[in-house]
Amino acid sequence: MKKNKLSLKIRTGTIVLVIFALALVVPSPSSAATLLGDSSTYLQSRETTDATKILSAYEYLDFDVQNLGNETISFHTGGWLRYDVKNEGSDNKTNNDIQYSYLSLRSKTANSTVNLGRVMVFEGLAAERVDGAYAHTDLRGDFGMSAYAGVPVETTDIDLPGNSLIYGAHLTQQSAGLYRIGVSYLKEEKNSEDFRKEEGIDLWVHPLDKVEINGRSNYNAATKEWMENTYNLILGSFGGLRLITDYSAISYKDYFIGATTAVFRLKAGILDPNEKASILGETASYDLTTAVNVSVDYKSYSYDIAGNAKYLGGNLRYSVAQSGGAGLSYHRMEGDTDKLKYNEYRAYVFKKMGKTDLAIDVIDVKYDTAVNGVTSAYSASLAAQYDLTESLKVGADVEYSKNPDFDKDVRAFLKAIYRFDAGTGARKGA
Amino acid sequence: MKNKTVKITFTLLLPLLAVVLYACAQTASIAAWHPVEVPSQPMCSDCHTDSRAALNHTSDYSTRHKFYAAQNRQTCGVCHKESFCADCHAHKEELKPSDKYKDSPERALPHRGDYLTQHKIDGRINPASCFPCHGRQNNERCQVCHR
């Protein structure tokens, strides 16, 4: 209970802090604050597996306010809300989320940054959303340091003690162009008890021209076992040929123990919690021309408990910037169980014609053994987008699918995307 | 007792803060955003010869972007707004990224097509690939079955 209050205080404190800081730096009308933003309005029509018809309207808004009285201060926020115009199966017609919302203070030297509010943290082993603070700075000797602390933003739909605190740090050292190695630590507490205690090593190494290795090893200090070892070796390009080898070893018991959603409440017979998986893959990718790429890929899935599987296939891609492109792919899954024996096909084409974009995408999965009496699960979509003005794009698409869960499913999607800053030139690439 | 611990921790952190400030590199921070417009699938090595050259957005880059983002996210931020990450890495997101961008079939976005059937297969093959987005955050649609 005390912890609940503490988390609430931290969350409230963070919001108050952000508002207070905003009030301090909010620009006067004459200042040169720059507003970058998008409004994306979507209307989606779909049907659930129990034939409930749903028509949902979504509004996504994101804003970046740069140069808030000072060029080193900015504010970033993004979120969405949904309203079900029609939903025969539920009284819960609305939902919303603040995806991120923080005040950022950035130094002109050392990449020193402090973010306050709801921040997304991707540092070493951490991929978290936190109501609190995040800070980073480069140090002398090509070291870098990041730290964060706050209340984790999580879905807790399984029986876990109320609230929690999360904090962690990431220390890196690099030799520019040769390597970067990092160590990280993360701890999450729930009601004063350790919930997660994780340690990680991450690295990127470029020992020779055309040779690159990257990956990470994460250790669960609570269970005292390795959660994950994942590494890539990238060779090339040799005249357009690139070879990518990837290896991953996961211990489910140690990897999924920090889950807070029911999805990862593993059960023996479906997904054994004591399973250990290792995945070895190889991809050979060749650029025939600047516009055409062909690749073949292979993955071997090995499990201690479940049956093994192999996945192999190839892709052919054609793409010309600002014009269009097309793609074809085929993959075969060959596993020890019936469900893991299928062929996967995909073909797509997209074309830009003046202010209009068109795209067609067809995906088909053919099972060796019928699932719910269906051996072919396919979907086909047709999408169009039109630039009404430099700021406003409108689009629509329709998707038809048939699969083991739906006899005949038709979904429609409308969208309107408005850029608040079009024409100012003050925008990042995406 | 608790107050005493807080005071001791705070007292110890002050000299640490001073050390960090002294140790801060004096190098200029990287640009807030990329000074020139880049194409949709940039080949960073066309201009950069240091570690940024590894960020070439080749067709296989999407499967490896997590490694680069975990080590040096500030570099990602030079070209990408925060909303770019949030399109996929979001809390209780309800719309599939591939639904929002159906007019860009060339983009490597998760859950293309009607993914309801396929997610049962992919989830068994490599559940760790689902975990970053669904392990501690989930949406109402997932909760209909996963309760």
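The values are calculated or read from the model by the stated rules, or taken from the named source; none is laboratory data. Keep in mind it's a predicted model, so treat the numbers as computed, not measured. Cβ placement follows ideal geometry from the backbone for every residue including glycine, while neighbour counts extend to all protein chains displayed.
Residues of region A:48-84 that are part of a strand (DSSP E or B), within 11 Å of another protein chain (Cβ to nearest Cβ) and under 23 Å from A:ASN403 (Cβ atoms): A:ILE54, A:SER56. For the criterion of being outside the structural domain of B:ASN139 (by TED's automatic domain parsing), at pLDDT 85 or above and within 21 Å of A:SER381 (Cβ to Cβ), B:SER104 fails. Taking the criterion of being within 16 Å of A:GLY117 (Cβ to Cβ) and either of a type in the set (A, V, I, L, M, F, W, C) or in contact with a helix residue (DSSP H, G or I) (Cβ under 6 Å, 6 or more places away or on another chain) (or both), the residues of region A:62-77 that qualify are A:ASP62, A:PHE63, A:VAL65, A:LEU68, A:ILE73, A:PHE75, A:HIS76.
In the set (1) part of a helix (DSSP H, G or I); (2) more than 7 Å from every other protein chain (Cβ to nearest Cβ); (3) under 30 Å from A:SER175 (Cα atoms), B:VAL78 fails one condition alone, (1). Of all the criteria given as (1) at the interface with chain B (Cβ under 8 Å from one of its Cβ atoms); (2) modelled with pLDDT of 95 or more, the one not satisfied by A:THR260 is (2). Pull up region B:43-75, narrow it to residues that are at the interface with chain A (Cβ under 8 Å from one of its Cβ atoms) and not in a helix (DSSP H, G or I), then point me to the one that is nearest to A:HIS136 (Cα to Cα). The selected residue is B:ASP50.
Matching residues to (1) of a type in the set (Val, Ile, Thr); (2) under 22 Å from the mean Cα position of the chain (by Cα):
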site: A:LYS197; (1), (2): no, no
site: A:ASP202; (1), (2): no, yes
site: A:PRO207; (1), (2): no, no
site: A:MET227; (1), (2): no, yes
site: A:GLY236; (1), (2): no, no
site: A:LEU243; (1), (2): no, no
site: A:PHE256; (1), (2): no, yes
site: A:THR260; (1), (2): yes, yes
site: A:ARG265; (1), (2): no, yes
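Residue count for region B:21-41, restricted to those that are in a loop (DSSP other than H, G, I, E, B) and at the interface with chain A (Cβ under 8 Å from one of its Cβ atoms): 13.
Consider region B:97-129 and keep the residues that are hydrophobic (A, V, I, L, M, F, W, C) and either within 7 Å of chain A (Cβ to nearest Cβ) or in contact (Cβ under 8 Å) with a residue 60 or more places away in the chain (or both). The one that is nearest to A:ASP159 (Cα to Cα) is B:ALA128. Annotation for region A:328-346: no member residue is more than 10 Å from chain B (Cβ to nearest Cβ), closer than 26 Å to A:GLU212 by Cα and outside any loop (DSSP other than H, G, I, E, B).
Of the residues making up region A:143-163, those that are of a type in the set (Asp, Glu) and facing chain B (nearest Cβ under 8 Å) are A:GLU154, A:ASP157. In the set (1) facing another protein chain (nearest Cβ under 9 Å); (2) touching a Pro at 6+ places or on another chain (Cβ under 7 Å), A:ILE166 fails one condition alone, (1). Count, please, the residues in region B:81-96 that happen to be free of Cβ contacts under 8 Å to residues at least 40 places away in the same chain, at the interface with another protein chain (Cβ under 7 Å from one of its Cβ atoms) and not acidic (Asp, Glu). Residues in region B:81-96 being free of Cβ contacts under 8 Å to residues at least 40 places away in the same chain, at the interface with another protein chain (Cβ under 7 Å from one of its Cβ atoms) and not acidic (Asp, Glu): 6 in total.
Out of B:ARG52, B:ARG107, one residue alone is in contact with a helix residue (DSSP H, G or I) (Cβ under 9 Å, 6 or more places away or on another chain), farther than 28 Å from A:PHE413 by Cβ and of a type outside the set (Gly, Ala, Ser). It is B:ARG52.
Filtering region A:290-327 to residues that are within 12 Å of chain B (Cβ to nearest Cβ) and among the hydroxyl-bearing types (Ser, Thr, Tyr) leaves A:THR290, A:SER295, A:SER300, A:TYR301, A:SER302, A:TYR303, A:TYR311, A:TYR318, A:SER319, A:SER323.
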